[in-house]
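Student: Quick one: the structure is below, and I'll ask about it shortly.
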Amino acid sequence: MLVSFLFLLLIFDEVHCEQNCSYQDVLNYLNLSGNNELYSMTRPVKNYKNPTQVSLEVLLYAILDVVEKDQKFIPYVWTVTRWNNEHISWDPSQFCGIDNVSLPSEILWKPDLTIEEMTEKDKAPPSPYLTINNKGDVEVQNDQVLVSTCRMHTYKFPFDIQSCNLTFKSIIHTAREIRLQPSDNSSEATEWSREVMRTQYEWLFINMTVTANNASELTDQDMIIYTITMERRSLLYIVNFLLPVLFFLCLDLASFMISDYGGEKLSFKVTVLLAITVLQLILNEILPSSSDQVPLIATYCIVVFALMMLSLLETIFVMHLREKGSRETQRDTHDWTQGGFNYNVSSSETGEVAPGAEEDRHNKLTGNCYTLERLSDELRAMEKTLTLFLKSKKEDKTSGYWTRVAKRMDKFFFLFYVILVLLLLILIFLEWKSD
């Protein structure tokens, strides 16, 4: 009978326990409510000399944007903060095995952690709940879209690798009151971030380094620095920017096959030069103006622009030489024609001189004098014609000289231009790929 009674009593207690256990029982036992200042007003320690140990875990969910012009880094992160509240503890066996409870976050004290690099407050509301367990451990999980500042190194843009820091620390509490430490190391943070990564924008996530800077003095603050390293996906910039600039340079090289006569070659080169100027304006909207070094892509554009400008000046000079030779050729041709016409006139004038019909036909001496005079005039006219002809030949050689100079200069500059282009492009691309 006694054994049966005890067995029934045990069953009654279990049924009674299962029927009456609730989270509110735990809260009533702890006297945990929104009006209890013990839990919400002060740091949760029984002895103020004991610092609160706060652990932090950060996971990178997405790289939303990187604004080089404004030096901004916008990630989407998930943070987990844990600490111990010395005023909270209970025996789960007295509450049907309940070992954790979720509460509104405003009921308990929370560490005042902030991010040094954050420039805009997160507009999304914080998590409304936190979790406590029977040992007094408190855990808060929160997701944040951070707008933070990041020093961009754009020297090797678009083949650059950027590293942005997220530095967590307390706002007012020193190391005497809060000891901050990471709950994961660099390899774990990197691996878990890769597993939960949703989007990376135009970047490729490489790793996340966790660095704990413990304060050497109790009056200083502990800090945890999460360094996110990422590499830019450069294919889009190669296709949309670098290759078009290179193609324009090839068109400028091909323009040497256009004739220097007329204005087609000059107008073509000016058009290509203007196209490079437009691409430079687009590049200026991307790169930050506060960069310490001139980016290689800007150097690339400046070099190509300078080469095209040099080619344009050479074309103008060669066209000037050819125009000079053409003008002299036209002038010499006009002078030679004018000299031939004067010869004909002189010949006709000498033809009008005839011996007088009235003179004595028998005076042979007088007739011979007139014959010799006309012959002398004809010889002088022939001498004048030969002189003009030899002069025009000499001046033709002079005009041919300027034409030959222009042709030789054009060939020499083309070879020099090709060698200079190859040399400069090789140097720039080697610098781009160097570590």
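Student: State all residues of the range 224-237 that are open to solvent by 50 Å² or more (accessible area, probe 1.4 Å) and either in a strand (DSSP E or B) or of a type in the set (A, V, I, L, M, F, W, C) (or both); if no residue qualifies, say none.
Tutor: 231, 235, 236
Student: OK, next. Can you pull out every residue in the range 24-59 that is over 27 Å from residue 210 (Cα atoms), open to solvent by 20 Å² or more (accessible area, probe 1.4 Å) and not in a loop (DSSP other than H, G, I, E, B)?
Tutor: The answer is 24, 25, 27, 28, 29, 37, 38, 40.
Student: Can you tell me how many residues in the range 301-311 are crowded, with 16+ Cβ neighbours inside 10 Å and within 15 Å of the chain's Cα centre (by Cα)?
Tutor: Looking only at the range 301-311, we keep the residues that are crowded, with 16+ Cβ neighbours inside 10 Å, and these are 301, 303-305, 307-308, 311.
Next, from what is left, pick out any that are within 15 Å of the chain's Cα centre (by Cα): 301.
The number of residues fulfilling the criteria is 1.
Student: If I filter the range 196-219 down to residues being surrounded by 14 or more Cβ atoms within 10 Å (Cβ to Cβ) and assigned to a loop (DSSP other than H, G, I, E, B), which single residue comes out as modelled with the lowest pLDDT?
Tutor: Ranking the candidates gives 201 first.
Student: Could I ask something else about it? Scanning the range 61-111 for residues that are open to solvent by less than 40 Å² (accessible area, probe 1.4 Å) and among the small types (Gly, Ala, Ser), which turns out nearest to residue 206 (Cα to Cα)?
Tutor: Going through the qualifying residues, I end up with 62.
Student: Take the range 172-195 and flag every residue that is part of a strand (DSSP E or B) and either open to solvent by 60 Å² or more (accessible area, probe 1.4 Å) or basic (Lys, Arg) (or both). Before you say what the answer is, go through the steps one by one.
Tutor: Narrowing the range 172-195 to residues part of a strand (DSSP E or B): 178-182.
Within the range 172-195, 179, 181 meet the criteria.
Student: Can you go through 163, 255, 216 and tell me which one is touching a Ser or Thr at 6+ places or on another chain (Cβ under 8 Å) and more than 30 Å from residue 413 (Cβ to Cβ)?
Tutor: One residue alone meets the criteria, 163.
Student: What is the one condition in (1) open to solvent by 30 Å² or more (accessible area, probe 1.4 Å); (2) part of a loop (DSSP other than H, G, I, E, B); (3) farther than 30 Å from residue 92 by Cα that residue 157 does not satisfy?
Tutor: Failed condition: (1).
Student: Kindly check whether there is at least one residue in the range 58-65 that is out of contact with any Gly (no Cβ under 9 Å at 6 or more places or on another chain), without any contact (Cβ under 8 Å) to a residue 12 or more places away in the chain, of a type outside the set (Phe, Trp, Tyr) and closer than 28 Å to residue 189 by Cβ. Don't jump to the end; show me each part of the working.
Tutor: Filtering the range 58-65 down to residues out of contact with any Gly (no Cβ under 9 Å at 6 or more places or on another chain) leaves 58-65.
In the following step, the residues that additionally are without any contact (Cβ under 8 Å) to a residue 12 or more places away in the chain were identified as none.
Checking the range 58-65: not a single residue is out of contact with any Gly (no Cβ under 9 Å at 6 or more places or on another chain), without any contact (Cβ under 8 Å) to a residue 12 or more places away in the chain, of a type outside the set (Phe, Trp, Tyr) and closer than 28 Å to residue 189 by Cβ.
Student: Taking the residues in the range 255-300 that are in a helix (DSSP H, G or I) and small (Gly, Ala, Ser) as candidates, determine which candidate is surrounded by the fewest Cβ atoms within 10 Å (Cβ to Cβ).
Tutor: This residue is 267.
Student: With the checklist (1) assigned to a loop (DSSP other than H, G, I, E, B); (2) farther than 30 Å from residue 111 by Cα; (3) modelled with pLDDT of 90 or more in hand, flag the one item residue 251 doesn't pass.
Tutor: Of (1) assigned to a loop (DSSP other than H, G, I, E, B); (2) farther than 30 Å from residue 111 by Cα; (3) modelled with pLDDT of 90 or more, only one is false for residue 251: (1).
Student: What are the pairs with Cβ atoms under 8 angstrom where one residue, in the range 236-260, is closer than 24 Å to residue 160 by Cβ and the other, located anywhere, is open to solvent by 30 Å² or more (accessible area, probe 1.4 Å) and not small (Gly, Ala, Ser)? Sequence gap at least six, or different chains.
Tutor: Pairs found: 236/202; 241/282.
Student: Return yes or no: is residue 167 closer than 30 Å to residue 207 by Cα, hydroxyl-bearing (Ser, Thr, Tyr) and not in a strand (DSSP E or B)?
Tutor: Considered against the rule, which asks whether it is closer than 30 Å to residue 207 by Cα, hydroxyl-bearing (Ser, Thr, Tyr) and not in a strand (DSSP E or B), residue 167 comes out as no.
Student: State the number of residues belonging to the range 120-152 that are in contact (Cβ under 8 Å) with a residue 40 or more places away in the chain and either surrounded by 14 or more Cβ atoms within 10 Å (Cβ to Cβ) or within 20 Å of the chain's Cα centre (by Cα) (or both).
Tutor: Of the residues in the range 120-152, 19 are in contact (Cβ under 8 Å) with a residue 40 or more places away in the chain and either surrounded by 14 or more Cβ atoms within 10 Å (Cβ to Cβ) or within 20 Å of the chain's Cα centre (by Cα) (or both).
The values are calculated or read from the model by the stated rules, or taken from the named source; none is laboratory data. What you are looking at is a predicted structure, and each value in this text was computed from that prediction instead of being measured. Quick reminder, even Gly has a Cβ in these numbers, built from the backbone with ideal geometry, and neighbours come from all protein chains shown. For accessibility, only protein heavy atoms count, side chains too; no ligands or nucleic acids. Shrake-Rupley method; radii C 1.70, N 1.55, O 1.52, S 1.80 Å.
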